[in-house]
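Heads up: the structure comes next, in structure tokens.
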């Protein structure tokens, strides 16, 4: 689509002091001055305003510096995503662009205030890369240029209350451009690049008369000669309806279970029918995957999950009665996505096997105990006789303080591993009976208890 200049010369509006590009600190949802777009249609109008206006450019000295045709293509693909959590590799594959080009235009959308971070992608050990989640926002300069009247809103930062007469012509123009862009099929450009093969050369009919491509083989019986002479042989094929298949209650349960298994790491080996049976109450109530994951994030992640189905059933017990309205569930999902503690919990690794302790003193004790058992210096059934006298008084005091702090933060692994290796009597002599008993009780609670740590 050729770029046309704006008809109004009074853009940006006088008196609106907006920088040419936003710094990184203002590209987050908590620091942005723009309002959240209610849908992709209104957001695309703001994108096209920046596309038509040439005032707003980025401060980069290399690569594209303004909103161009490629930026609009990336924005259209982002407007179709819900939630807006695109991967660079995904956008590169769908749009047939290089990953570096996609990164350039995502940066342009962020620097103009059209795209803000909700959560930033990270690299998590053992879980691979995580894509960033964005929120489509509309900067204040667009509202001022379109003469939109806005008011404060808790949900969208600001909401539109009305529009002035001066901004209606430009609004109609932007609305037409946004509607045409969102209506455009995704494969239209690929079809132009790779046209269909030309039709195969026509063959002579079995009668040997002409080289026409039409044949009577499409009908079960040969038409009469009178219809052929008058040209009345029209075969009407039944039209294929594009109505999607509607799932019943059982189908919705299975679909919700499959999506949950795909997104929750500790459910990757669970059975879909069993998880579907556990999710029957929440699925019948119309819950989504995000709402189920938000309920799971209300409590701290467990360090060990032996039976994923039982663990899931325990955490979802009575949830459909507590969050019985869509508004309650929407507030829960909003908290889950915005909470810093919930974000940390989502990045915690779910482990099902024992790992070596990370403390230096405990790791040394583990190596000594394993070496003694292998060389036969002590009986394997009496691990509590492994000597702890080799540690100095300062090392013992430091190690006890470390174990106490780890226990208070909800990680009793130092004490429980010492109990498994040395025995309970030796562990009580080293840590004290009270700390050993409380650590074993916390480890047996399977993540349902927290010790002195507020959410």
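The values are calculated or read from the model by the stated rules, or taken from the named source; none is laboratory data. Keep in mind the model is a prediction, meaning the values are calculated, not measured. Heads up, the Cβs are rebuilt from the backbone with ideal geometry, glycines too, and the neighbour counts pull from every protein chain shown.
Which pairs do you get when a residue that is not assigned by TED's automatic domain parsing to the domain that holds residue 40 and modelled with pLDDT of 90 or more, found in segment 126-152, comes within reach of a residue that is buried (at least 21 other Cβ atoms within 10 Å of the Cβ) and part of a loop (DSSP other than H, G, I, E, B), reach meaning Cβ atoms under 9 angstrom, with the pair 6+ apart or on two chains?
Short answer, once both residue conditions are applied: none.
Of all the strands (runs of 3 or more DSSP E) wholly in segment 128-184, which have at least 1 residues that are under 30 Å from the mean Cα position of the chain (by Cα) and closer than 30 Å to residue 88 by Cβ?
On the way: elements: 133-138, 148-153, 157-163.
In segment 128-184, 133-138, 157-163 are the strands (runs of 3 or more DSSP E) which contain 1 or more residues that are under 30 Å from the mean Cα position of the chain (by Cα) and closer than 30 Å to residue 88 by Cβ.
Run down 239, 280 and say which single residue is modelled with pLDDT of 90 or more and either within 29 Å of the chain's Cα centre (by Cα) or not assigned by TED's automatic domain parsing to the domain that holds residue 297 (or both).
Values: 239 fails: modelled with pLDDT of 90 or more.
Answer to the selection: 280.
Let's see how each residue does on (1) part of a loop (DSSP other than H, G, I, E, B); (2) at pLDDT below 85:
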{"residue": "222", "(1), (2)": "yes, yes"}
{"residue": "229", "(1), (2)": "no, yes"}
{"residue": "233", "(1), (2)": "yes, yes"}
{"residue": "243", "(1), (2)": "yes, yes"}
{"residue": "257", "(1), (2)": "no, no"}
{"residue": "270", "(1), (2)": "yes, no"}
{"residue": "276", "(1), (2)": "no, no"}
{"residue": "286", "(1), (2)": "yes, no"}
{"residue": "311", "(1), (2)": "no, no"}
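Within segment 46-74, work out how many residues are over 23 Å from residue 169 (Cα atoms) and assigned to a helix (DSSP H, G or I).
At the first step, the residues of segment 46-74 found to be over 23 Å from residue 169 (Cα atoms) are 57-66, 70-71, 73-74.
Pick out the ones that are also assigned to a helix (DSSP H, G or I) and you get 70-71, 73-74.
Number of matching residues: 4.
Test residue 91 against the criterion of being within 19 Å of residue 22 (Cα to Cα), in a helix (DSSP H, G or I), under 20 Å from the mean Cα position of the chain (by Cα) and touching a residue at least 12 places away in the same chain (Cβ under 8 Å), and give yes or no.
Values: within 19 Å of residue 22 (Cα to Cα): no; in a helix (DSSP H, G or I): yes; under 20 Å from the mean Cα position of the chain (by Cα): yes; touching a residue at least 12 places away in the same chain (Cβ under 8 Å): yes.
Answer is no for this residue.
Any residue at all in segment 101-115 that's surrounded by fewer than 17 Cβ atoms within 10 Å (Cβ to Cβ), in the same structural domain as residue 178 (by TED's automatic domain parsing), farther than 21 Å from residue 175 by Cβ and at pLDDT 85 or above? Reasoning before the result, please.
Taking segment 101-115 first, the residues surrounded by fewer than 17 Cβ atoms within 10 Å (Cβ to Cβ) are 103.
Still in the running and in the same structural domain as residue 178 (by TED's automatic domain parsing): 103.
Imposing the further condition that a residue be farther than 21 Å from residue 175 by Cβ reduces the set to 103.
Keeping just the survivors that are at pLDDT 85 or above gives 103.
The answer is yes, given that some residue of segment 101-115 is surrounded by fewer than 17 Cβ atoms within 10 Å (Cβ to Cβ), in the same structural domain as residue 178 (by TED's automatic domain parsing), farther than 21 Å from residue 175 by Cβ and at pLDDT 85 or above.
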